[in-house]
Amino acid sequence: MDVADVLRDRVSEPAGFERMAAVSALAHASLLAALILVPGRWLSRSDPAPKTVMTITLDGGNGGPANGGMTAIGGRAVQVETPEAPKRPEPVTRPAVVTPQMTVPIPAKTPAKPVKPSPTVKQAPDEARGRTPTKGLVAREGSAVAETGARGLGFGLSTGGGVGSGSTLDVENFCCPEYLGLMTEKIRTNWDARAEVAGVVIIKYTIQRDGTIVNAEIERPSGYTALDITSLRAVVGTRQLPPLPGSFPNPTLTVHLNFQYRR
């Protein structure tokens with residue numbers, strides 16, 4: 001009898017198919033419950049990781065004395081302590097070499113000689129007033145442009161860098177001609193000698209004892225306003241000259257300076 005026959009007989013029996021279905025359902029339910037409740041490690045088939053095993057192999061030989069694992073040198077007494085090795089000193093860095101700056105000795109200053117103050121002159125002596133006749137090897141006429149009572153001297157200003165002449169002073173026999181040369185050169189530095197016409201201008205001014213120029217004015221115009229103003233500006237612009245020489249007794253010196261313009 002095969003399976004088909006069994007199934008046919010059971011179907012033909014009253015309530016046979018229902019009984020068979022119930023048994024099958026019960027069997028499947030039991031199997032599903034067993035799968036849920038069984039521990040997970042029973043179902044795991046993975047092999048555990050191999051454990052590391054250390055193997056020690058002892059070679060055969062003569063056995064040593066039973067000294068507890070310590071050698072004979074380890075059991076010796078310590079008689080002298082080993083000194084500590086000396087520490088190496090830290091290297092000292094040399095400072096950078098600085099080139100000394102060259103110094104020049106300052107020479108000792110020579111003390112200035114005390115300046116002897118010029119004597120105060122209240123009144124000029126008689127020989128300084130031009131009352132005495134002038135003296136010389138040969139008698140000759142003066143070169144003054146106008147009658148001023150003063151003698152003409154060889155100084156003045158002239159265009160082209162030449163030495164001028166025809167200037168006069170209000171005193172005769174002036175002691176220091178080098179002072180007049182210094183005065184002329186000082187005024188020349190402030191003089192604009194450029195001119196398109198020829199002419200002569202005389203500027204009158206007074207030098208005080210300290211060298212200050214005062215009372216500058218045009219004494220003799222040239223006929224050209226530009227030349228007159230340029231000459232007066234040269235004197236006024238100078239303003240200060242060296243003090244009058246100590247050998248000159250008068251408190252002031254009046255000058256009639258000649259400006260010569262040449263084409």
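When 215, 258 are checked against the criterion of being part of a strand (DSSP E or B) and surrounded by fewer than 19 Cβ atoms within 10 Å (Cβ to Cβ), a single residue qualifies: 215. In the stretch 210-225, the qualifying residues are those that are within 53 Å of the chain's Cα centre (by Cα) and in contact (Cβ under 8 Å) with a residue 12 or more places away in the chain, and the one that is farthest from residue 258 (Cα to Cα) is 210. When the stretch 36-50 is limited to residues that are assigned to a helix (DSSP H, G or I) and modelled with pLDDT under 75, the one that is least open to solvent (accessible area, probe 1.4 Å) turns out to be 40.
Considering the stretch 219-239, the residues that are outside any loop (DSSP other than H, G, I, E, B) and of a type in the set (S, T, N, Q) include one that is farthest from residue 186 (Cα to Cα), namely 225. Of the residues making up the stretch 194-209, those that are touching a residue at least 40 places away in the same chain (Cβ under 8 Å), open to solvent by 40 Å² or more (accessible area, probe 1.4 Å) and not in a strand (DSSP E or B) are 196, 197, 198, 209.
The values are calculated or read from the model by the stated rules, or taken from the named source; none is laboratory data. Model, not experiment: these values are computed from the prediction. Positions of Cβ are generated from backbone atoms using ideal geometry, with glycine treated the same way; all protein chains shown enter the neighbour counts. Areas reflect the complete protein model, heavy atoms only, side chains present, ligands, DNA and RNA absent. Shrake-Rupley method; radii C 1.70, N 1.55, O 1.52, S 1.80 Å.
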